[in-house]
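Where a number appears in this text, it was derived from the coordinates with a stated rule and is not lab data. Keep in mind that this is a model prediction, so the values were computed, not measured. As a convention, Cβ positions derive from the backbone with ideal geometry for all residues, glycine included, and neighbour counts pool all protein chains shown.
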Amino acid sequence: MEALIRVENLCKIYNPGENEVRALDHIHLVIEEGEFVAIIGQSGSGKSTLMNMLGCLDVPTTGKYYLNGTDVSTMTDNEQSAVRNKEIGFIFQGFNLITNLTALENVELPLIYRGIDKKTRRELSIQALEMVGLEHRMKHKPSEMSGGQQQRVAIARAIAAKPPVILADEPTGNLDSASSREILKILRELHDGGRTVILITHDDGIAAQAKRVVRIMDGKIESDFINENFSE
Ligand SMILES: Nc1ncnc2c1ncn2[C@@H]1O[C@H](COP(=O)(O)OP(=O)(O)OP(=O)(O)O)[C@@H](O)[C@H]1O
Ligand SMILES: [Mg+2]
């Protein structure tokens, strides 16, 4: 069977020429369906750049990215955006919630673009908010919630349509340790439920919660190992 994600010799060069930045430098990476992978590295190591490639938000300078066996570079823009909508749930460090919408409305909004009808949108959104423990905050706006709660709304939004792949870029970056544990527990539950979870972090303690840890440095993969302490 084809791997979910297969990255071959992938390079990303920003500003080619004199001031060029080699953000990703010949990356090889295979991720199978259902894995729980942390991608760890220092600031500037290329983590978000890699996430943007994996999420079809940006295209590599050279190299190949196969998603479910399909060469992403051969997909049209429409096909790539369909992949983003259907296959991938994004969680960003900055939450990116819409301030004048309630938690429930924030979770419902992207479901419109997936062509899901109103009743189902509501059902899926309530389910997702329950999963992250926010059923009692559904009518609250982001400004009326704590940082950890806002991040949980962002997670609910990412998982509401049940995408098979979750891409989370520093989802605990702005949170205290109790909220971080809560978010990691949710990611863990998503993995237990069969989703593929890719978690980007600069924190060893966070990465240690994942089943596999890929370390990136200066745009190169430095190590890639299975966490022996991870229990299924
Ligand atoms: N749009 C851009 N134009 C030019 N250089 C960029 C651009 N985006 C990122 N870079 C550079 O590419 C390198 C990798 O950046 P990236 O954002 O992937 O790092 P990161 O590992 O996510 O860091 P952080 O932990 O701080 O989020 C950095 O040196 C950065 O300055
Ligand atoms: Mg980043």
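Things worth noting here:
- Of 47/139; 47/118; 118/141, those spanning more than 26 Å from alpha-carbon to alpha-carbon: 47/139; 47/118
- Compared with the direct C-alpha span, the chain from residue 99 to residue 123 gains 6.4 nm at full extension, assuming 0.36 nm per residue.
- In terms of other Cβ atoms within 10 Å, 187, 134 run from fewest to most in the order 134, 187.
- Karplus-derived 3J(HN,Hα), 6.51/-1.76/1.60, for each residue of the range 96-102, Hz, glycine and proline x: 6, 8, 8, 5, 8, 10, 6
- In order along the range 167-182, phi translates into HN-Hα couplings of 10, 10, 9, 6, x, 10, x, 9, 10, 6, 5, 5, 5, 4, 4, 4 Hz, rounded to whole numbers, per the Karplus curve 6.51 cos²θ - 1.76 cosθ + 1.60 with θ = phi - 60° and x for Gly and Pro.
- Rounded Å value of the spacing that divides the Cα centres of the range 149-207 and the range 54-127: 16 Å
- Packing, as the average of other Cβ atoms within 10 Å across residues, places the peptides 59-67, 220-228, 191-199 in the order 191-199, 59-67, 220-228, highest first.
- Straight-distance candidates among the lysines for linking to residue 185, with alpha-carbon spacing under 19 Å and chain neighbours fewer than 8 residues away dropped: 162, 211.
- DSSP beta bridge pairing in the chain, given as percent antiparallel to the nearest 5: 55 percent
- Taking a quarter of the surface of the Cα convex hull of the range 16-145 gives a mean projected area of 10.8 nm².
- With contributions of -39500 (n - 2.57) from each DSSP H run of at least four residues, the per-residue ellipticity at 222 nm computed over the chain stands at -10000 deg cm²/dmol.
- Crossing angle, helix 103-113 versus the chain [Cα axis fit, 0-90 degrees, rounded to tens]: 60 degrees
- Ordering 94, 5, 26 by Cα displacement along the dipole of the range 1-150 toward the positive end leaves 94 in first place; charges were set at the Cβ atoms of Lys, Arg (+1) and Asp, Glu (-1).
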